[in-house]
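Enquirer: Sharing a structure here in structure tokens format.
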Amino acid sequence: MELSGLWRLQHFETGQVRPLETASVWLDDRFWMTAEVPGDVHSALIERGLIEHPYFGHQDLKCRWIEQKEWWYRRSFDYSLEAGGFEKHELIFEGLDTFATVYVNGLEIGTTNNMLMAHAFDVTRILRDGRNTIAVKFDPLHLHNRDKALFEWSSYTKERPWLRKAAMNFGWDWGPRMVTTGIWGAVRLERHRLARLDGVFARTAELAGTSAVVKVDVETTAFRRNAELRCEVRLLDADGRPAAQGTAERAGRREDFELEIAEAKLWWTHDLGEPYLYRLEVSLYADGELVDRRQEPFGIRTIELQLKDEQGQHAFAFLLNGVKLFAKGANWIPADHFIGSIPDQRYRDLIDLSVEANMNMLRVWGGGIYEKDVFYAECDRRGVLVWQDFAFANALFPDYNRDFMENVRREVEYNIRRLRNHASLALWCGNNEIDWLYDMKSAGGDITGPFYGEAIYHELIPQALENLDDSRAYWPSSPYGGSDANDPDVGDRHNWQVWHGSVYPRRHGEVPLLDYSVEGVTFKNYKQDFTLFSSEFGMHASANRYTLEKNIPEGQFYWNSTEMAYRNKDTNHKKGILLMEGYTGIPRDIEEYMNFSMLTQAEGLKYGIEHYRRNKHRTSGSLIWQLGDSWPGTSWSLIDYELLPKASLHYAKKFYHPLLLSVDHDPGLPLHLWVVNDSLNPLDGEVRLEVYTFGGERLYSCRVEAHCGANSAVRLLTLSEEDILQGADPASVVVKVSTADWDAPDNLVYLRDQKELQLLPVQLDVQRDEAAGTVRITAGGAHVRMVKLDLPQGNLRFSDNFFDLLAGESRTVQIRSAAGEAIRWDRLRVSALNQHRD
């Protein structure tokens, strides 16, 4: 029985009301407000107009009172009980945030202290036939951590290490403090008769040619001692036909099945094949009666983490069905600060956009939550692998405290059980940056005590995985490996030389250094990074105009305003200025800031990722920080809060394309033409390199035969600047590489930084076809830099945007609303960096 929907909500001062009276069946709650469940208190108050939206201006500061109050939810419902029959009734909360006391029919049935897991309560002896009432009291956090030890290190706030709650609630360098509370997951009553399924664990045990063996472990509980149990397991194909099945006639508490599939269809990431999903069906019978059944999608695939290559050298590569994968993707933070109120469609939209950008892996970062079921289901369906951090980030944690560790153990075991059957889940990771930062902060004198929390990532979690999930690798931290945990030669790496100015190389125990200079933060540093796997890297860019204007008070939407600065939660706003100073020049107004920051981010990521991909014999992945935003700010995201892609996401469609034409070049040095092939088929054909002046004259052209094996990268030729310029100024030309022999996008390369380019003023011819939903843009007599289509509405999909045009070239762009809304064609604005203005 689903119990989500409208509940009653009210707040009190701590201790103001007597709990048993407020939880009573007889309490008159008709004067309480209503609130959606799943949801949260902030969202309910916004919806009822009781608080101004915290994302606008500085209004988040007006909401701090919410975290100081005691909040109560209530809900009544009718229920029918059946006499006898060995029934059990459980009340399930999939998410309670965070310190809750639960009452049913006026009786306290239990407390919770963990936002990051579900909670189940046996209410068999409490439920009544007819009217029943649930009440949930949420305590303010300070009641539970005000007397706890403060650790030397806990990024952004020292209050959170004792709290098993999404760390980003307390603020991060991309979002504000927004300490939520409430029923953030679904609520339901489960009725079980005679027996139930407690656990189902399915994984691919063996692949051999076209055949596969799937192991399924089933755990059961009988409510009557002598009940005779029978368990059936079936694997159904996409058309519902049985592919394999097994039966245990006299099932015990645990039964293990091996299903053999003769002609198995494998689950692949979307770039390598079809993410084929079977349906796993487990049925439990007691005394011949069907008493429980589970059905869920299941993908047949193997996933391994290769830590040594064929030559015995260090590696960090994922092998999917035996194929070495180049992981192309991004880091995932919660899709909104109000986690309980995120619509399922927002998850689908974000994953759709990542697939459109040719991503095949998302890393669920450890400062948020173990994501909702819809996230993993969509990744299964769309063929996107998931790197899953456990929920520990950037702090010390009290691993010496028995109660805390027991709480963590329950959380870890619950989430392993919940997620382990997903085909998309590729890796468990113990924490975000803790091992690395503990060493750096200890070396710098910020920490003088023990590594509190170490037992969680190096003992508790691996032990839980040994018992509950033997089907995928565990990695203790990210980054991890080598002398310095951020060593490019061992394990994975976070490259924060770019943007944060971290000075590398560094070894364990050395005092960390920062270089806040144009040279220290520039994206040109990516080319010095020969990491095995880059699991975090990136740089800021502005959100789109609509997203900023919607959330900034009137008169404050200008470059360097106080409100614009408030959109940026990073520690030192100088970094973005330095990056733009080095590449585009410093912006003079808000329009240039939006354009220059987006272009710098997009070109910088292109520069780094093409370098990583050209070195795919060594580097096996790049996960950009970060995919989306949790509020309308200025951040590292590729997609802003209103689900509008930045320039970098459109660039990603090309630099993450499985077939990449790339030019390795720095000013004054030779050009090296590369082909990168992530597909499983060899490439044979011709690649063309052309050089055009910004006025449209072709200076140079050559064709080269290309032979690139499956899953490899090949350098095709080397040319000097003198070879291709024919005496022209390198700041006045563009290089185009293309092929007609396979589906690789064209690539445009500039020989000098944006601020040096001698672009010509150009007119754009813009033709709208509202009926077809298209815009056709044609360049005049000169090259066009960064054509931008802008509309004042959210969640729009552009088939292309932030693109360049050769002189005289045209492009047609399809525009649609992902939400099905009408396009505001009269508000369309098309511009370019070098557009002629009267």
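The values are calculated or read from the model by the stated rules, or taken from the named source; none is laboratory data. Everything quoted here is computed from the prediction, not taken from an experiment. We place every Cβ from the backbone using ideal geometry, glycine too, and count neighbours over all the protein chains shown.
Enquirer: From the list Trp625, Trp636, which residue is assigned by TED's automatic domain parsing to the domain that holds His540 and over 19 Å from Leu548 (Cβ atoms)?
Expert: Checking each option against the conditions leaves just Trp625.
Enquirer: A further question on this structure: Being over 22 Å from Ile416 (Cα atoms) and crowded, with 20+ Cβ neighbours inside 10 Å narrows it down to one residue among His270, His337; which is it?
Expert: Of the residues listed, the single one that is over 22 Å from Ile416 (Cα atoms) and crowded, with 20+ Cβ neighbours inside 10 Å is His337.
Enquirer: Spot the failing condition for Leu319; the list is (1) out of contact with any Cys (no Cβ under 7 Å at 6 or more places or on another chain); (2) assigned to a strand (DSSP E or B); (3) free of Cβ contacts under 8 Å to residues at least 40 places away in the same chain; (4) closer than 30 Å to Phe223 by Cβ, and only one is missed.
Expert: Here Leu319 meets the rest and fails (4).
Enquirer: Does the stretch 53-92 hold any residues that are under 27 Å from Arg188 (Cβ atoms) and free of Cβ contacts under 8 Å to residues at least 60 places away in the same chain, and which are they?
Expert: Ser76, Asp78, Ser80, Leu81, Glu82, Ala83, Gly84
Enquirer: Residues of the stretch 602-643 being in a loop (DSSP other than H, G, I, E, B) and among the small types (Gly, Ala, Ser), which ones?
Expert: Residues satisfying the conditions are Ser620, Gly628, Ser630, Gly633, Ser637.
Enquirer: Among the residues of the stretch 599-635, what is the count of those that are within 14 Å of Lys755 (Cα to Cα) and among the hydrophobic types (A, V, I, L, M, F, W, C)?
Expert: Total meeting the criteria: 1.
Enquirer: Okay, moving on. For the stretch 54-86, which positions are of a type in the set (D, E, K, R) and buried (at least 16 other Cβ atoms within 10 Å of the Cβ)?
Expert: Once the filter is applied, which keeps residues that are of a type in the set (D, E, K, R) and buried (at least 16 other Cβ atoms within 10 Å of the Cβ), the stretch 54-86 yields Asp60, Glu67, Lys69, Glu70, Arg74, Arg75.
Enquirer: Return yes or no: is Leu229 surrounded by 17 or more Cβ atoms within 10 Å (Cβ to Cβ) and under 31 Å from the mean Cα position of the chain (by Cα)?
Expert: Considered against the rule, which asks whether it is surrounded by 17 or more Cβ atoms within 10 Å (Cβ to Cβ) and under 31 Å from the mean Cα position of the chain (by Cα), Leu229 comes out as no.
Enquirer: With the requirement that a residue be surrounded by fewer than 18 Cβ atoms within 10 Å (Cβ to Cβ) and either in a strand (DSSP E or B) or out of contact with any Leu (no Cβ under 8 Å at 6 or more places or on another chain) (or both), what does the stretch 284-296 give you?
Expert: Listed by number, the residues that qualify are Gly288, Glu289, Leu290, Arg293, Arg294, Gln295, Glu296.
Enquirer: Just need a number here: residues in the stretch 412-453 that are over 13 Å from Gln388 (Cα atoms) and crowded, with 20+ Cβ neighbours inside 10 Å.
Expert: Selection size over the stretch 412-453: 11.
Enquirer: Could you please tell me which pairs satisfy a Cβ distance under 6 Å, a separation of 6+ or placement on different chains, a first residue in the stretch 685-707 that is in the same structural domain as Asp741 (by TED's automatic domain parsing), and a second residue that is among the acidic types (Asp, Glu) and not in a strand (DSSP E or B)?
Expert: That search, which allows pairs on different chains as well, returns Gly685/Asp741; Glu686/Asp741.
Enquirer: A further question on this structure: Taking the stretch 16-25 as the region of interest, how many residues are without any contact (Cβ under 8 Å) to a residue 60 or more places away in the chain and either part of a loop (DSSP other than H, G, I, E, B) or of a type in the set (S, T, N, Q) (or both)?
Expert: So the count comes out to 3.
Enquirer: Among Arg507, Arg493, which is the only one that is surrounded by fewer than 19 Cβ atoms within 10 Å (Cβ to Cβ) and within 20 Å of Ser535 (Cα to Cα)?
Expert: Checking each option against the conditions leaves just Arg507.
Enquirer: Tell me, which strands (runs of 3 or more DSSP E) lie completely within the stretch 63-136 with 1 or more residues that are within 23 Å of Asp29 (Cα to Cα)?
Expert: Result: 70-79, 87-93, 99-104, 107-113.
Enquirer: Now, a different point. Mind counting the residues in the stretch 349-359 that are in a loop (DSSP other than H, G, I, E, B) and under 27 Å from Asn394 (Cβ atoms)?
Expert: 1
Enquirer: Additional query: Can you tell me which residue within the stretch 547-600, out of those that are among the aliphatic types (A, V, I, L, M) and outside any helix (DSSP H, G or I), is farthest from Pro632 (Cα to Cα)?
Expert: Selected residue: Ile586.
Enquirer: Can you tell me which residue among Arg203, Arg128, Arg196, Arg177 is surrounded by 18 or more Cβ atoms within 10 Å (Cβ to Cβ), over 29 Å from the mean Cα position of the chain (by Cα) and not β-branched (Val, Ile, Thr)?
Expert: The match here is Arg196.
Enquirer: Of all the strands (runs of 3 or more DSSP E) wholly in the stretch 152-257, which have at least 1 residues that are touching a His at 6+ places or on another chain (Cβ under 9 Å) and closer than 26 Å to His422 by Cβ?
Expert: Output list reads 187-193, 211-222.
Enquirer: Just to be sure before I move on: is Ser738 within 20 Å of Lys653 (Cα to Cα) and either touching an Asp or Glu at 6+ places or on another chain (Cβ under 6 Å) or small (Gly, Ala, Ser) (or both) in the structure I sent?
Expert: Yes; evaluated as a whole, the condition is true for this residue.
Residue-wise test of (1) under 21 Å from the mean Cα position of the chain (by Cα); (2) under 25 Å from His119 (Cα atoms).
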| position | (1), (2) |
| --- | --- |
| Ile416 | yes, yes |
| His422 | yes, yes |
| Glu433 | yes, no |
| Leu437 | no, no |
| Pro450 | no, no |
| Leu465 | no, yes |
| Asp469 | no, yes |
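Enquirer: I would also like to ask the following. I need a count of the residues in the stretch 391-440 that are part of a loop (DSSP other than H, G, I, E, B) and under 28 Å from Asp487 (Cβ atoms).
Expert: Number of matching residues: 9.
Enquirer: Just to be sure before I move on: is Tyr651 in contact (Cβ under 8 Å) with a residue 24 or more places away in the chain and not in a helix (DSSP H, G or I) in the structure I sent?
Expert: Taking the combined requirement at face value, the residue does not satisfy it.
Enquirer: Let me ask another. Checking Ala208 against (1) without any contact (Cβ under 8 Å) to a residue 40 or more places away in the chain; (2) of a type in the set (A, V, I, L, M, F, W, C); (3) crowded, with 20+ Cβ neighbours inside 10 Å, which test does it fail?
Expert: That leaves (3) as the condition not met.
Yes/no per residue for (1) crowded, with 22+ Cβ neighbours inside 10 Å; (2) in the same structural domain as Thr22 (by TED's automatic domain parsing); (3) over 20 Å from Phe404 (Cβ atoms):
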residue: Asp147; (1), (2), (3): no, no, no
residue: Glu152; (1), (2), (3): no, no, no
residue: Ser155; (1), (2), (3): no, no, no
residue: Ala166; (1), (2), (3): yes, no, no
residue: Asn169; (1), (2), (3): yes, no, no
residue: Asp173; (1), (2), (3): no, no, yes
residue: Ala186; (1), (2), (3): no, yes, yes
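Enquirer: Are any residues in the stretch 736-789 of a type in the set (Ser, Thr, Tyr), without any contact (Cβ under 8 Å) to a residue 40 or more places away in the chain and surrounded by fewer than 18 Cβ atoms within 10 Å (Cβ to Cβ), and if so, which ones?
Expert: Selection gives Thr778 alone.
Enquirer: Select, from Ser630, Ser561, Ser620, Ser597, the only residue that is hydroxyl-bearing (Ser, Thr, Tyr) and either surrounded by fewer than 23 Cβ atoms within 10 Å (Cβ to Cβ) or more than 23 Å from the chain's Cα centre (by Cα) (or both).
Expert: Just a single option satisfies the conditions, and that option is Ser561.
Enquirer: Would a scan of the stretch 187-197 turn up a residue that is more than 30 Å from Glu228 (Cα to Cα) and either modelled with pLDDT of 95 or more or acidic (Asp, Glu) (or both)?
Expert: The answer is yes; a qualifying residue exists.
Enquirer: Now for a separate question. Out of the strands (runs of 3 or more DSSP E) lying entirely within the stretch 736-838, which hold 3 or more residues that are under 23 Å from Gly604 (Cα atoms) and either assigned by TED's automatic domain parsing to the domain that holds His672 or in contact with a Phe, Trp or Tyr (Cβ under 8 Å, 6 or more places away or on another chain) (or both)?
Expert: Ranges flagged: 747-750, 784-790.
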